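Remarks on the structure that follows.
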Amino acid sequence: MVGATTQRAIGQVERFEIGVTAAAVFYLGVRSRIAAVEDSIEDLVISATGDSKLE
């Protein structure tokens with residue numbers, strides 16, 4: 001039988017893991033959107049200037 005204190009600790013660890021996972025998914029989503037915006041900006045600059053070498 002697991003004690004009440006141990007059960008609470010396990011619950012806290014599980015909630016922490018869920019929070020970390022949610023934060024990671026959120027970060028990856030934001031990173032993906034930023035990359036898409038960067039690609040769009042690069043495409044606009046290339047189409048406007050005809051220069052495919054952006055520095």
>> Is the C-alpha gyration tensor of the chain telling us rounded, prolate or oblate? Criteria: a/c under 1.5 is rounded; beyond that, a/b larger than b/c is prolate, otherwise oblate.
In response: prolate
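Could you give the length gained on full extension between Ala36 and Thr6, defined as 0.36 nm per residue of separation minus the Cα-Cα distance, in nm?
Working: separation 30, 0.36 × 30 = 10.80 nm, distance 4.49 nm.
Once the chain is fully extended between Ala36 and Thr6, it gains 6.3 nm.
Read-outs: derived from the displayed coordinates by stated rules, not from any lab. Computed from a predicted model, the values in this text were never measured in an experiment.
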